[in-house]
Amino acid sequence: MTEARIRIRGLRKAYGPILANDGVDLEITRGGIHAIVGENGAGKTTLVRAVYGLVEPDAGSIELDGQRVTIASPAQAIQHGIGMVHQRFQLVEPLTALENLTLGDLPHKGVFFDRPAALARARALAAELGTTMEWNRAVANLSVGARQRLEIMRLLYRKADILIFDEPTSVLTPQEADDLFRVLRRLAGQGRTIIFITHKLREVFALAEQVTVMRRGRIITTVPTKGSDPQALASLIVGEQFERPSLRGGTERGAAVIEADRLSVCDDLGALSLREATFSVHAGEIVGVAGIEGSGQRELVEALLGLRHPVGGSIRLHGQPVAGTSVWDRRKRGIAFISEDRDGEGACLPATLAENVFPLERYDPDLARGGRLRTSAIAAFARSVLTRFNVRGAAPNSPARSLSGGNLQRLVLGREIRKTPRLLLAAHPTRGVDVRGIAFIHEQLTQARADGAATLLISEELSELIELSDRLLVIFEGRIVADLPAAQATPDRLGLLMTGAA
Ligand code: ATP
(Lines give C-alpha, C1' and ligand atoms only; values in the text may rest on other atoms or scores of the structure.)
Protein backbone atom coordinates (compact mmCIF):
# COMPACT_ATOMS: atom_id res chain seq x y z
CA MET A 1 0.00 0.00 0.00
CA THR A 2 1.34 3.43 -0.86
CA GLU A 3 1.73 5.85 2.00
CA ALA A 4 -0.36 9.03 1.69
CA ARG A 5 1.79 12.08 0.91
CA ILE A 6 -0.38 14.09 3.28
CA ARG A 7 -2.64 12.75 6.00
CA ILE A 8 -4.73 15.16 8.04
CA ARG A 9 -6.49 13.89 11.12
CA GLY A 10 -9.07 15.58 13.29
CA LEU A 11 -8.10 19.09 12.21
CA ARG A 12 -10.12 21.67 14.04
CA LYS A 13 -10.12 25.46 13.87
CA ALA A 14 -12.69 27.75 15.46
CA TYR A 15 -13.09 31.48 14.97
CA GLY A 16 -15.22 32.45 17.93
CA PRO A 17 -18.47 30.53 17.53
CA ILE A 18 -17.66 29.52 13.94
CA LEU A 19 -16.11 26.12 13.38
CA ALA A 20 -14.20 26.78 10.19
CA ASN A 21 -12.74 23.25 10.31
CA ASP A 22 -14.65 20.76 12.39
CA GLY A 23 -12.55 17.59 12.65
CA VAL A 24 -11.21 17.29 9.13
CA ASP A 25 -9.77 13.90 8.09
CA LEU A 26 -8.20 13.84 4.65
CA GLU A 27 -5.63 11.77 2.77
CA ILE A 28 -3.92 12.96 -0.34
CA THR A 29 -1.85 10.53 -2.37
CA ARG A 30 1.47 11.42 -3.93
CA GLY A 31 1.64 12.61 -7.50
CA GLY A 32 -1.64 13.82 -8.90
CA ILE A 33 -4.16 16.61 -8.81
CA HIS A 34 -6.60 16.71 -5.93
CA ALA A 35 -9.42 19.26 -6.08
CA ILE A 36 -11.24 20.65 -3.05
CA VAL A 37 -14.70 22.08 -3.59
CA GLY A 38 -17.48 23.32 -1.35
CA GLU A 39 -19.83 26.17 -0.66
CA ASN A 40 -18.61 29.60 0.36
CA GLY A 41 -17.41 29.45 3.92
CA ALA A 42 -17.15 25.63 3.91
CA GLY A 43 -13.61 25.87 5.29
CA LYS A 44 -11.46 25.11 2.22
CA THR A 45 -9.09 28.05 2.59
CA THR A 46 -8.75 27.50 6.34
CA LEU A 47 -7.76 23.88 5.72
CA VAL A 48 -5.02 24.63 3.18
CA ARG A 49 -3.77 27.57 5.21
CA ALA A 50 -3.32 25.21 8.14
CA VAL A 51 -1.26 22.88 5.94
CA TYR A 52 0.84 25.86 4.84
CA GLY A 53 1.42 27.12 8.39
CA LEU A 54 -0.70 30.25 8.07
CA VAL A 55 -3.44 29.07 10.40
CA GLU A 56 -2.71 27.52 13.76
CA PRO A 57 -5.18 24.66 14.29
CA ASP A 58 -6.86 24.20 17.69
CA ALA A 59 -6.53 20.43 17.40
CA GLY A 60 -5.56 17.69 14.99
CA SER A 61 -2.44 16.48 13.26
CA ILE A 62 -0.71 16.54 9.92
CA GLU A 63 1.48 13.69 8.65
CA LEU A 64 3.75 13.81 5.62
CA ASP A 65 4.75 10.39 4.27
CA GLY A 66 3.58 8.89 7.55
CA GLN A 67 5.64 11.21 9.75
CA ARG A 68 3.86 13.56 12.07
CA VAL A 69 5.01 17.17 11.54
CA THR A 70 4.41 20.58 13.03
CA ILE A 71 3.96 23.37 10.53
CA ALA A 72 3.94 26.66 12.40
CA SER A 73 4.89 28.99 9.55
CA PRO A 74 5.19 29.10 5.75
CA ALA A 75 8.98 28.87 6.22
CA GLN A 76 8.52 25.52 7.96
CA ALA A 77 6.03 24.44 5.30
CA ILE A 78 8.63 25.10 2.61
CA GLN A 79 11.19 23.07 4.58
CA HIS A 80 8.73 20.20 4.40
CA GLY A 81 8.32 20.68 0.65
CA ILE A 82 4.97 22.45 0.80
CA GLY A 83 4.35 25.59 -1.25
CA MET A 84 1.26 27.71 -1.82
CA VAL A 85 0.36 30.01 -4.71
CA HIS A 86 -1.77 32.83 -3.37
CA GLN A 87 -4.40 34.77 -5.26
CA ARG A 88 -2.54 37.95 -4.52
CA PHE A 89 0.94 37.19 -5.73
CA GLN A 90 3.83 37.54 -3.31
CA LEU A 91 6.27 39.06 -5.79
CA VAL A 92 8.36 42.21 -5.60
CA GLU A 93 7.17 44.24 -8.58
CA PRO A 94 10.20 46.46 -9.31
CA LEU A 95 12.60 43.48 -9.28
CA THR A 96 13.15 41.27 -12.31
CA ALA A 97 11.72 37.80 -12.70
CA LEU A 98 15.17 36.33 -12.06
CA GLU A 99 15.69 38.41 -8.92
CA ASN A 100 12.28 37.37 -7.63
CA LEU A 101 13.03 33.73 -8.32
CA THR A 102 16.27 33.71 -6.37
CA LEU A 103 15.34 36.20 -3.64
CA GLY A 104 16.37 34.81 -0.27
CA ASP A 105 18.55 32.09 -1.78
CA LEU A 106 20.98 33.72 -4.18
CA PRO A 107 23.52 31.59 -5.99
CA HIS A 108 26.85 33.26 -5.31
CA LYS A 109 30.55 33.10 -6.07
CA GLY A 110 32.30 34.39 -3.00
CA VAL A 111 30.36 37.48 -2.06
CA PHE A 112 29.10 38.11 -5.60
CA PHE A 113 25.75 37.16 -7.10
CA ASP A 114 26.44 34.38 -9.59
CA ARG A 115 24.12 35.54 -12.33
CA PRO A 116 25.02 32.89 -14.92
CA ALA A 117 24.34 30.15 -12.37
CA ALA A 118 21.02 31.76 -11.37
CA LEU A 119 20.00 32.08 -15.01
CA ALA A 120 20.91 28.48 -15.74
CA ARG A 121 18.77 27.24 -12.85
CA ALA A 122 15.95 29.57 -13.89
CA ARG A 123 16.00 28.28 -17.46
CA ALA A 124 16.05 24.69 -16.28
CA LEU A 125 12.94 25.36 -14.17
CA ALA A 126 11.11 26.99 -17.06
CA ALA A 127 11.97 23.99 -19.22
CA GLU A 128 10.66 21.68 -16.50
CA LEU A 129 7.36 23.55 -16.63
CA GLY A 130 7.40 23.47 -20.41
CA THR A 131 7.16 27.25 -20.52
CA THR A 132 9.25 30.36 -21.07
CA MET A 133 9.93 33.45 -18.98
CA GLU A 134 11.47 36.84 -19.69
CA TRP A 135 13.92 36.64 -16.85
CA ASN A 136 15.24 40.20 -17.14
CA ARG A 137 11.85 41.86 -17.14
CA ALA A 138 10.55 43.63 -14.04
CA VAL A 139 7.63 41.71 -12.54
CA ALA A 140 5.51 44.88 -12.82
CA ASN A 141 5.65 44.43 -16.60
CA LEU A 142 4.73 40.75 -16.68
CA SER A 143 1.25 39.50 -17.51
CA VAL A 144 -0.81 37.95 -14.73
CA GLY A 145 -0.29 34.48 -16.19
CA ALA A 146 3.49 34.96 -16.30
CA ARG A 147 3.51 36.16 -12.69
CA GLN A 148 1.65 33.09 -11.64
CA ARG A 149 4.11 30.82 -13.46
CA LEU A 150 6.92 32.70 -11.75
CA GLU A 151 5.28 32.05 -8.37
CA ILE A 152 5.15 28.36 -9.20
CA MET A 153 8.82 28.35 -10.23
CA ARG A 154 9.74 30.14 -7.01
CA LEU A 155 8.23 27.26 -5.07
CA LEU A 156 10.02 24.67 -7.20
CA TYR A 157 13.26 26.60 -6.75
CA ARG A 158 12.76 26.06 -3.04
CA LYS A 159 12.19 22.35 -3.72
CA ALA A 160 8.47 22.22 -2.98
CA ASP A 161 6.80 19.07 -4.23
CA ILE A 162 3.37 19.74 -2.76
CA LEU A 163 1.82 22.75 -4.45
CA ILE A 164 -1.38 24.32 -3.11
CA PHE A 165 -3.53 26.60 -5.27
CA ASP A 166 -6.49 28.59 -3.91
CA GLU A 167 -8.80 29.48 -6.82
CA PRO A 168 -5.86 30.05 -9.17
CA THR A 169 -7.87 30.71 -12.31
CA SER A 170 -10.00 33.49 -10.85
CA VAL A 171 -7.38 36.03 -11.99
CA LEU A 172 -6.60 34.40 -15.34
CA THR A 173 -7.96 34.76 -18.85
CA PRO A 174 -9.34 31.55 -20.40
CA GLN A 175 -6.14 31.24 -22.45
CA GLU A 176 -3.94 31.69 -19.37
CA ALA A 177 -6.03 29.15 -17.49
CA ASP A 178 -5.38 26.60 -20.25
CA ASP A 179 -1.65 27.31 -19.95
CA LEU A 180 -1.84 26.82 -16.18
CA PHE A 181 -3.63 23.49 -16.65
CA ARG A 182 -0.85 22.27 -18.95
CA VAL A 183 1.72 23.26 -16.33
CA LEU A 184 -0.18 21.54 -13.53
CA ARG A 185 -0.62 18.29 -15.47
CA ARG A 186 3.07 18.31 -16.22
CA LEU A 187 4.01 18.87 -12.58
CA ALA A 188 1.67 16.11 -11.46
CA GLY A 189 3.14 13.83 -14.13
CA GLN A 190 6.58 14.47 -12.63
CA GLY A 191 5.33 13.09 -9.32
CA ARG A 192 4.40 16.32 -7.57
CA THR A 193 1.23 16.61 -5.54
CA ILE A 194 -1.17 19.39 -6.51
CA ILE A 195 -4.00 20.59 -4.27
CA PHE A 196 -6.43 22.81 -6.04
CA ILE A 197 -9.39 24.77 -4.59
CA THR A 198 -11.96 25.87 -7.12
CA HIS A 199 -15.62 26.74 -7.62
CA LYS A 200 -15.49 25.94 -11.31
CA LEU A 201 -16.68 22.38 -11.67
CA ARG A 202 -15.52 22.32 -15.27
CA GLU A 203 -11.96 22.71 -13.96
CA VAL A 204 -12.39 19.84 -11.53
CA PHE A 205 -13.27 17.47 -14.34
CA ALA A 206 -10.65 18.85 -16.71
CA LEU A 207 -7.83 18.46 -14.20
CA ALA A 208 -8.25 16.44 -11.07
CA GLU A 209 -8.26 12.71 -10.45
CA GLN A 210 -9.76 13.05 -6.97
CA VAL A 211 -12.17 15.61 -5.60
CA THR A 212 -12.98 16.29 -1.96
CA VAL A 213 -16.24 17.98 -1.04
CA MET A 214 -16.39 20.12 2.11
CA ARG A 215 -19.50 21.46 3.78
CA ARG A 216 -19.70 23.51 6.97
CA GLY A 217 -16.21 22.69 8.14
CA ARG A 218 -16.38 18.98 7.45
CA ILE A 219 -15.33 16.62 4.71
CA ILE A 220 -18.42 15.15 3.10
CA THR A 221 -16.69 12.76 0.72
CA THR A 222 -13.73 12.23 -1.58
CA VAL A 223 -14.52 10.67 -4.95
CA PRO A 224 -12.64 9.99 -8.17
CA THR A 225 -13.69 12.38 -10.91
CA LYS A 226 -14.02 9.45 -13.29
CA GLY A 227 -17.52 8.20 -12.80
CA SER A 228 -18.88 11.52 -11.50
CA ASP A 229 -20.17 14.54 -13.38
CA PRO A 230 -20.75 18.27 -12.71
CA GLN A 231 -24.43 17.81 -11.92
CA ALA A 232 -23.74 15.09 -9.35
CA LEU A 233 -20.86 17.07 -7.84
CA ALA A 234 -23.02 20.21 -7.56
CA SER A 235 -25.60 18.17 -5.64
CA LEU A 236 -22.88 16.85 -3.30
CA ILE A 237 -21.66 20.39 -2.70
CA VAL A 238 -25.03 21.83 -1.75
CA GLY A 239 -26.24 18.68 -0.02
CA GLU A 240 -29.44 18.28 -2.00
CA GLN A 241 -30.57 17.75 -5.56
CA PHE A 242 -29.28 20.76 -7.42
CA GLU A 243 -30.47 21.94 -10.79
CA ARG A 244 -29.63 25.29 -12.27
CA PRO A 245 -32.78 27.30 -12.70
CA SER A 246 -33.31 28.25 -16.33
CA LEU A 247 -32.92 31.94 -17.07
CA ARG A 248 -35.73 33.46 -19.03
CA GLY A 249 -34.80 36.35 -21.30
CA GLY A 250 -37.13 38.31 -23.50
CA THR A 251 -37.52 41.56 -21.62
CA GLU A 252 -38.49 44.56 -23.69
CA ARG A 253 -35.63 46.92 -24.37
CA GLY A 254 -36.38 50.42 -23.09
CA ALA A 255 -34.72 53.81 -23.41
CA ALA A 256 -30.95 54.24 -23.43
CA VAL A 257 -29.70 54.62 -19.85
CA ILE A 258 -26.04 55.18 -20.60
CA GLU A 259 -24.53 56.29 -23.89
CA ALA A 260 -20.85 56.64 -24.63
CA ASP A 261 -19.70 58.50 -27.70
CA ARG A 262 -16.09 58.10 -28.88
CA LEU A 263 -15.05 57.70 -25.27
CA SER A 264 -11.30 57.57 -24.64
CA VAL A 265 -9.76 56.92 -21.24
CA CYS A 266 -6.18 56.60 -19.99
CA ASP A 267 -4.84 54.13 -17.47
CA ASP A 268 -2.91 55.03 -14.30
CA LEU A 269 0.31 55.47 -16.25
CA GLY A 270 -1.29 57.87 -18.73
CA ALA A 271 -1.40 55.39 -21.61
CA LEU A 272 -4.56 55.35 -23.68
CA SER A 273 -6.40 52.21 -22.68
CA LEU A 274 -9.92 52.77 -24.00
CA ARG A 275 -10.06 54.16 -27.52
CA GLU A 276 -13.07 55.98 -28.96
CA ALA A 277 -15.67 53.59 -27.61
CA THR A 278 -19.20 54.23 -28.82
CA PHE A 279 -22.04 52.16 -27.37
CA SER A 280 -25.19 52.36 -25.32
CA VAL A 281 -26.92 50.23 -22.73
CA HIS A 282 -30.70 50.35 -22.54
CA ALA A 283 -33.19 49.71 -19.80
CA GLY A 284 -34.13 46.04 -19.70
CA GLU A 285 -30.97 44.68 -21.30
CA ILE A 286 -27.73 43.10 -20.23
CA VAL A 287 -24.78 44.06 -22.38
CA GLY A 288 -21.77 41.82 -21.86
CA VAL A 289 -18.20 42.93 -22.42
CA ALA A 290 -15.86 40.20 -23.63
CA GLY A 291 -12.16 40.83 -23.74
CA ILE A 292 -8.83 39.71 -22.41
CA GLU A 293 -8.25 41.16 -18.95
CA GLY A 294 -6.54 44.55 -19.15
CA SER A 295 -8.02 45.50 -22.52
CA GLY A 296 -9.60 48.68 -21.13
CA GLN A 297 -12.57 47.19 -19.28
CA ARG A 298 -11.55 48.61 -15.94
CA GLU A 299 -11.01 52.11 -17.30
CA LEU A 300 -14.33 51.93 -19.13
CA VAL A 301 -16.28 51.11 -15.99
CA GLU A 302 -14.41 53.71 -13.92
CA ALA A 303 -15.13 56.42 -16.49
CA LEU A 304 -18.85 55.59 -16.53
CA LEU A 305 -18.95 55.72 -12.73
CA GLY A 306 -16.96 58.95 -12.50
CA LEU A 307 -13.85 57.53 -10.85
CA ARG A 308 -11.74 58.39 -13.89
CA HIS A 309 -11.87 61.40 -16.21
CA PRO A 310 -12.10 60.62 -19.90
CA VAL A 311 -9.51 62.22 -22.17
CA GLY A 312 -11.92 62.30 -25.09
CA GLY A 313 -15.54 61.76 -26.04
CA SER A 314 -18.64 62.02 -23.90
CA ILE A 315 -21.00 60.07 -21.65
CA ARG A 316 -24.72 60.65 -21.23
CA LEU A 317 -26.72 59.21 -18.34
CA HIS A 318 -30.51 59.22 -18.84
CA GLY A 319 -29.85 61.51 -21.82
CA GLN A 320 -27.89 64.11 -19.81
CA PRO A 321 -24.15 64.71 -20.18
CA VAL A 322 -22.35 63.65 -16.99
CA ALA A 323 -19.13 65.62 -17.47
CA GLY A 324 -18.16 67.27 -14.18
CA THR A 325 -20.55 65.27 -12.00
CA SER A 326 -19.27 63.31 -9.01
CA VAL A 327 -19.51 59.60 -8.33
CA TRP A 328 -22.14 60.28 -5.69
CA ASP A 329 -24.19 62.40 -8.14
CA ARG A 330 -24.18 59.48 -10.53
CA ARG A 331 -24.91 56.96 -7.81
CA LYS A 332 -27.94 59.02 -6.77
CA ARG A 333 -29.14 58.74 -10.34
CA GLY A 334 -29.23 54.99 -9.99
CA ILE A 335 -25.78 53.59 -10.78
CA ALA A 336 -24.69 50.49 -8.87
CA PHE A 337 -21.14 49.21 -9.05
CA ILE A 338 -19.55 45.82 -8.45
CA SER A 339 -15.82 46.38 -8.48
CA GLU A 340 -13.36 43.86 -9.93
CA ASP A 341 -11.13 44.61 -6.94
CA ARG A 342 -13.31 43.24 -4.17
CA ASP A 343 -10.80 43.47 -1.33
CA GLY A 344 -9.27 46.82 -2.27
CA GLU A 345 -12.23 48.78 -3.61
CA GLY A 346 -15.46 46.82 -3.33
CA ALA A 347 -15.30 46.42 0.42
CA CYS A 348 -13.44 47.90 3.36
CA LEU A 349 -11.92 44.89 5.13
CA PRO A 350 -11.23 46.39 8.59
CA ALA A 351 -14.75 47.90 8.76
CA THR A 352 -17.73 45.90 9.98
CA LEU A 353 -20.30 44.32 7.70
CA ALA A 354 -22.82 46.97 8.77
CA GLU A 355 -20.36 49.72 7.95
CA ASN A 356 -19.81 48.14 4.56
CA VAL A 357 -23.48 48.10 3.59
CA PHE A 358 -24.59 51.35 5.24
CA PRO A 359 -22.89 54.10 3.16
CA LEU A 360 -25.33 53.99 0.24
CA GLU A 361 -28.21 54.40 2.71
CA ARG A 362 -26.69 57.16 4.79
CA TYR A 363 -29.43 59.65 3.96
CA ASP A 364 -32.19 57.25 4.94
CA PRO A 365 -33.83 58.92 7.98
CA ASP A 366 -34.63 55.52 9.47
CA LEU A 367 -30.91 54.79 9.71
CA ALA A 368 -29.37 58.20 10.40
CA ARG A 369 -31.09 61.35 11.54
CA GLY A 370 -29.71 64.77 12.42
CA GLY A 371 -26.14 63.52 12.08
CA ARG A 372 -26.75 60.63 14.50
CA LEU A 373 -26.41 57.03 13.44
CA ARG A 374 -29.19 54.73 14.60
CA THR A 375 -26.93 51.79 15.24
CA SER A 376 -29.56 49.19 16.04
CA ALA A 377 -31.55 50.12 12.93
CA ILE A 378 -28.35 49.93 10.87
CA ALA A 379 -27.56 46.51 12.33
CA ALA A 380 -31.08 45.31 11.51
CA PHE A 381 -30.72 46.66 7.99
CA ALA A 382 -27.35 44.92 7.59
CA ARG A 383 -28.86 41.69 8.91
CA SER A 384 -31.59 41.85 6.28
CA VAL A 385 -28.94 42.11 3.54
CA LEU A 386 -27.01 39.18 5.04
CA THR A 387 -30.13 37.03 5.15
CA ARG A 388 -31.37 37.87 1.68
CA PHE A 389 -27.97 37.34 0.04
CA ASN A 390 -27.14 34.36 2.21
CA VAL A 391 -23.93 35.85 3.61
CA ARG A 392 -22.74 33.28 6.12
CA GLY A 393 -20.16 33.21 8.84
CA ALA A 394 -20.35 36.64 10.44
CA ALA A 395 -22.63 39.13 12.16
CA PRO A 396 -23.30 42.81 11.32
CA ASN A 397 -20.63 43.91 13.81
CA SER A 398 -17.91 41.49 12.60
CA PRO A 399 -15.12 42.90 10.47
CA ALA A 400 -15.48 42.24 6.74
CA ARG A 401 -12.11 40.54 6.72
CA SER A 402 -13.50 37.64 8.72
CA LEU A 403 -15.72 36.64 5.80
CA SER A 404 -14.62 33.99 3.32
CA GLY A 405 -14.01 35.32 -0.20
CA GLY A 406 -17.31 34.20 -1.65
CA ASN A 407 -19.30 35.52 1.29
CA LEU A 408 -17.67 38.91 0.92
CA GLN A 409 -18.68 38.94 -2.75
CA ARG A 410 -22.28 38.23 -1.70
CA LEU A 411 -22.13 41.13 0.76
CA VAL A 412 -20.95 43.56 -1.93
CA LEU A 413 -23.64 42.31 -4.29
CA GLY A 414 -26.30 42.65 -1.65
CA ARG A 415 -25.30 46.25 -1.01
CA GLU A 416 -25.37 47.10 -4.70
CA ILE A 417 -28.39 45.27 -6.10
CA ARG A 418 -30.65 45.15 -3.06
CA LYS A 419 -32.72 47.82 -4.75
CA THR A 420 -33.05 47.49 -8.50
CA PRO A 421 -30.47 49.88 -9.96
CA ARG A 422 -31.13 51.93 -13.09
CA LEU A 423 -27.65 51.05 -14.33
CA LEU A 424 -25.56 48.21 -12.97
CA LEU A 425 -21.85 48.18 -13.71
CA ALA A 426 -20.96 44.61 -12.80
CA ALA A 427 -17.34 43.46 -13.04
CA HIS A 428 -16.94 39.73 -12.43
CA PRO A 429 -20.01 39.47 -10.18
CA THR A 430 -19.66 35.73 -9.61
CA ARG A 431 -15.92 35.57 -8.97
CA GLY A 432 -15.20 33.26 -6.05
CA VAL A 433 -18.87 32.41 -5.54
CA ASP A 434 -20.07 28.82 -5.14
CA VAL A 435 -22.46 26.97 -7.49
CA ARG A 436 -25.61 27.86 -5.63
CA GLY A 437 -24.46 31.47 -5.26
CA ILE A 438 -23.77 31.76 -8.98
CA ALA A 439 -27.26 30.52 -9.80
CA PHE A 440 -28.68 33.01 -7.29
CA ILE A 441 -26.69 35.93 -8.71
CA HIS A 442 -27.67 35.04 -12.26
CA GLU A 443 -31.29 35.03 -11.17
CA GLN A 444 -30.86 38.41 -9.49
CA LEU A 445 -29.31 39.88 -12.62
CA THR A 446 -32.08 38.58 -14.86
CA GLN A 447 -34.68 39.78 -12.37
CA ALA A 448 -33.07 43.24 -12.36
CA ARG A 449 -33.28 43.20 -16.15
CA ALA A 450 -36.95 42.26 -16.00
CA ASP A 451 -37.45 45.18 -13.62
CA GLY A 452 -35.90 47.52 -16.16
CA ALA A 453 -32.28 47.77 -15.07
CA ALA A 454 -29.60 48.39 -17.68
CA THR A 455 -26.59 46.19 -16.99
CA LEU A 456 -23.04 46.30 -18.27
CA LEU A 457 -21.56 42.92 -17.42
CA ILE A 458 -17.83 42.24 -17.46
CA SER A 459 -16.71 38.66 -17.07
CA GLU A 460 -13.98 36.26 -18.09
CA GLU A 461 -16.47 33.42 -18.15
CA LEU A 462 -17.52 33.37 -21.78
CA SER A 463 -20.34 30.96 -21.06
CA GLU A 464 -21.67 33.34 -18.40
CA LEU A 465 -21.51 36.26 -20.83
CA ILE A 466 -23.27 34.38 -23.60
CA GLU A 467 -25.92 32.93 -21.32
CA LEU A 468 -26.85 36.15 -19.51
CA SER A 469 -26.34 38.89 -22.07
CA ASP A 470 -28.66 40.17 -24.73
CA ARG A 471 -25.82 41.83 -26.61
CA LEU A 472 -22.05 41.50 -26.45
CA LEU A 473 -19.37 44.08 -27.00
CA VAL A 474 -15.96 42.61 -27.75
CA ILE A 475 -13.01 44.72 -26.76
CA PHE A 476 -9.48 44.28 -28.10
CA GLU A 477 -6.62 46.55 -27.10
CA GLY A 478 -9.05 49.21 -25.92
CA ARG A 479 -11.22 49.24 -29.04
CA ILE A 480 -14.69 47.84 -29.39
CA VAL A 481 -14.20 45.51 -32.33
CA ALA A 482 -17.64 43.88 -32.34
CA ASP A 483 -21.16 44.57 -31.11
CA LEU A 484 -23.29 41.49 -31.69
CA PRO A 485 -26.43 39.78 -30.39
CA ALA A 486 -25.42 37.20 -27.77
CA ALA A 487 -27.46 34.59 -29.64
CA GLN A 488 -24.92 34.79 -32.47
CA ALA A 489 -21.88 34.38 -30.20
CA THR A 490 -19.94 31.21 -29.51
CA PRO A 491 -16.89 30.93 -27.24
CA ASP A 492 -14.72 30.22 -30.30
CA ARG A 493 -15.91 33.25 -32.19
CA LEU A 494 -15.46 35.46 -29.13
CA GLY A 495 -11.99 34.03 -28.55
CA LEU A 496 -10.93 35.04 -32.07
CA LEU A 497 -12.39 38.54 -31.71
CA MET A 498 -10.88 39.05 -28.24
CA THR A 499 -7.39 38.27 -29.45
CA GLY A 500 -7.62 40.34 -32.61
CA ALA A 501 -7.43 37.24 -34.78
CA ALA A 502 -10.79 37.77 -36.48
P1 ATP B 1 -14.86 30.61 -0.01
O2 ATP B 1 -15.28 29.60 -1.04
O3 ATP B 1 -15.94 31.66 0.13
O4 ATP B 1 -13.51 31.19 -0.21
P5 ATP B 1 -13.89 28.81 2.12
O6 ATP B 1 -14.47 27.45 2.02
O7 ATP B 1 -12.50 28.99 1.65
O8 ATP B 1 -14.89 29.86 1.43
P9 ATP B 1 -12.91 29.77 4.68
O10 ATP B 1 -12.26 31.01 4.15
O11 ATP B 1 -12.04 28.64 5.07
O12 ATP B 1 -14.03 29.26 3.64
O13 ATP B 1 -13.82 30.21 5.91
C14 ATP B 1 -14.50 29.27 6.72
C15 ATP B 1 -15.24 30.01 7.81
O16 ATP B 1 -14.32 30.58 8.73
C17 ATP B 1 -16.09 31.16 7.30
O18 ATP B 1 -17.31 31.13 8.00
C19 ATP B 1 -15.31 32.39 7.63
O20 ATP B 1 -16.19 33.46 7.89
C21 ATP B 1 -14.54 31.96 8.88
N22 ATP B 1 -13.23 32.65 8.95
C23 ATP B 1 -12.17 32.42 8.13
N24 ATP B 1 -11.12 33.20 8.48
C25 ATP B 1 -11.53 33.93 9.55
C26 ATP B 1 -10.91 34.91 10.39
N27 ATP B 1 -9.63 35.29 10.18
N28 ATP B 1 -11.64 35.44 11.39
C29 ATP B 1 -12.90 35.05 11.61
N30 ATP B 1 -13.55 34.13 10.86
C31 ATP B 1 -12.89 33.57 9.85
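Structure values in brief
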{"item": "Every residue from the range 151-167 that is within 16 Å of the ligand (Cβ to nearest atom) and either modelled with pLDDT of 95 or more or not assigned by TED's automatic domain parsing to the domain that holds residue 47 (or both)", "result": "164, 165"}
{"item": "Every residue from the range 1-17 that is near the ligand (Cβ under 10 Å from one of its atoms) and within 15 Å of residue 49 (Cβ to Cβ)", "result": "13, 14, 15"}
{"item": "Tabulated pairs, the range 350-378, first under 22 Å from residue 327 (Cβ atoms), second loosely packed, with under 11 Cβ neighbours inside 10 Å, C-beta under 8 angstrom, 6+ apart or interchain", "result": "368/362"}
{"item": "Wholly enclosed strands (runs of 3 or more DSSP E) of the range 8-71 bearing at least 1 residues surrounded by fewer than 17 Cβ atoms within 10 Å (Cβ to Cβ) and at pLDDT 95 or above", "result": "18-28, 59-64, 67-69"}
{"item": "Unique match (being open to solvent by 20 Å² or more (accessible area, probe 1.4 Å) and in a strand (DSSP E or B)) among 481, 474", "result": "481"}
{"item": "Residue list for the range 431-441, filter: open to solvent by 10 Å² or more (accessible area, probe 1.4 Å) and more than 12 Å from the ligand (Cβ to nearest atom)", "result": "440"}
{"item": "Within the range 181-270, strands (runs of 3 or more DSSP E) holding 3 or more residues that are crowded, with 21+ Cβ neighbours inside 10 Å and without any contact (Cβ under 8 Å) to a residue 60 or more places away in the chain", "result": "256-266"}
{"item": "Residue match in the range 397-408 (condition: surrounded by fewer than 20 Cβ atoms within 10 Å (Cβ to Cβ), in a loop (DSSP other than H, G, I, E, B) and within 15 Å of the ligand (Cβ to nearest atom))", "result": "yes"}
{"item": "Any hit, the range 120-131, residues being in contact with a Leu (Cβ under 6 Å, 6 or more places away or on another chain), under 30 Å from residue 27 (Cα atoms) and either buried (at least 16 other Cβ atoms within 10 Å of the Cβ) or aromatic (Phe, Trp, Tyr) (or both)", "result": "yes"}
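The values are calculated or read from the model by the stated rules, or taken from the named source; none is laboratory data. Here the structure is a predicted model, which is why all the values come from computation and not from measurement. Please note: Cβ atoms are built from the backbone with ideal geometry, for glycine as well, and neighbour counts cover all protein chains shown. Heads up: the accessible areas ignore ligands, DNA and RNA and are worked out on the full protein's heavy atoms, side chains in. Shrake-Rupley method; radii C 1.70, N 1.55, O 1.52, S 1.80 Å.
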